Amino acid sequence: MDNFVYAQPVRIRFGEGCLLALPEVLKEFGIERCVLVCGRHFAARAEVLQQEIPAIRAVFSEVEPNPQLSGAAETARLARECKAQAVVGIGGGSALDTAKFAAAIAPGSADPEAYYHGEVPFPSDPLAVICVPTTSGTGSEVTQVSVISHGAEKRTINHPAFMPKAALVDPALTYSVSPYTTMITGLDALCHAVEGYWSRYHQPIPELYAAEAVRLILDNLETAYRDGSNKEARAALSYASLLGGLSFAQTKTAACHACSYPLSELYHLPHGEACAFTFDSLVRLNADERLEALCRRAGLSGSEELAERIAAFKKTAGLKTRLSELGEVDTAALAAACAAHPLMNNNPVPLDAAALKAMFEALR
Ligand code: NAD
């Protein structure tokens, strides 16, 4: 076995109703003033929380999917205004990533765009981040990644300042997620587990998480899609999403996520659907002994069955599977953009623009 260094610094609470522990968690970290950031689906509940928890001094509830830098900048402004010590993100990955970026830039005086473009370093004294996911997908609650858009540009930024201090994973918060979002976030979580495992930087401890996440998602995603009120399936997916986040937090994702960024930027596919678009193709291209071993550990006969299960999930939810559904696609330009993404370098099998063009041509 190769030598490795493994670290997981987030204090995780898991369980139905654990959002109620938020005041206790704030106290554990000595946080007396914080800003809460969320999307519109949580706005009414955020107001109630603000009334109930005196430490919540301000709320920004306008986070949209593919969150914009302007939302993080406004959250950071609110945090400065109320001298916040922390930013609490409650929502899907979009709200969590907004909270992370806001917490990182709040203590600084530079233009948010300068941090976004890496022109100035992030301040050395970031605010604390507490993440409460309401989708079972991104695993952002345990990663030091923040994905933020500025206009049409969507950037994945990695920085220690984004690593949350605590995560409260409460499956009850996911009951209201629509069937479509349940499916695409579930496939995103599956993709994290598989990519964290097949990443060139794979490690033994995340491999254990990955196998369990794959098993749980394959066993529960269709049930949660068909019946969002099924508590067992929702809890299994919340846990699997957390494990998916832990699977790639150190090892990073690879080709599937590299392709998802151009697919979202050029053809406006939501993140999970963009990952799902190439997922089964890439399972086939990346099939090697290690992937076969993961599939067997997750209870599958092998990688071909995994590819078939992913394709079946996409069919069930009517997700886009052909390029013709995306409009006019220049496969050479799309493949070049995917090949140029830094995450492509983590893929176990080298895939250049020509190989990716062939993959996309097969999806016409
Ligand atoms: P999202 O946060 O964009 O939410 C999707 C939609 O679902 C939104 O309209 C939101 O308001 C709604 N929603 C969320 N929770 C709900 C609930 N409980 N009930 C009803 N509606 C609800 O979607 P997501 O898939 O969770 O996050 C995607 C974003 O996260 C993308 O920008 C992606 O790039 C990023 N991401 C980040 C990481 C990371 O490690 N930081 C990892 C993967 C993806």
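Readers should treat all values here as calculations from the given coordinates under stated rules, not as data from a laboratory. Predicted, not measured: the structure shown is a model, and the values here were computed from it. Cβ coordinates were reconstructed from backbone atoms using ideal geometry, including for glycine residues, and neighbour counts include every protein chain displayed.
Normalised by 2.2 N^0.38 Å, where N counts its residues, the alpha-carbon radius of gyration of region 145-231 equals 1.27. Rounded to the nearest 10 degrees, the angle from helix 231-248 to the longest Cα principal axis of the chain is 80 degrees. For region 11-173, the alpha carbon convex hull comes to 94 Å³ per residue, rounded to a whole number. Each peptide in 237-243, 61-67, 309-315 receives the mean, over its residues, of other Cβ atoms within 10 Å, and ordering these scores from highest gives 237-243, 61-67, 309-315. Relative to the longest principal axis of the Cα atoms of the chain, helix 93-105 runs at roughly 50 degrees.
So what's the angle, to the nearest 10 degrees on a 0 to 90 scale, between helix 179-198 and the longest Cα principal axis of the chain? That helix lies at roughly 70 degrees to the long axis.
Normalised by the number of residues in region 11-173, the mean separation of alpha-carbon contacts (under 8 Å, six or more apart) gives a relative contact order of 27 percent.
A simple count of charges around ILE157, restricted to other residues whose Cβ falls under 11 Å of its Cβ and scoring Lys, Arg +1 and Asp, Glu -1, yields +2. The value obtained for the chain, namely the Cα convex hull volume divided by the number of residues, is 126 Å³ per residue.
Highest mean packing comes first when the peptides 144-150, 224-230 are listed by Cβ atoms within 10 Å, giving 144-150, 224-230.
When the helices in the chain are scored as -39500 (n - 2.57) per DSSP H run of 4 or longer and the sum is shared across all residues, what 222 nm value do you end up with, to the nearest 500 deg cm²/dmol? Present the calculation step by step, with values, prior to reporting the outcome.
On the way: 14 runs with 179 residues, N = 364.
After summing the helix terms and dividing by the residues of the chain, the value is -15500 deg cm²/dmol.
Once you reduce region 5-81 and region 315-364 to the center of their Cα atoms, the two points are 36 Å from each other.
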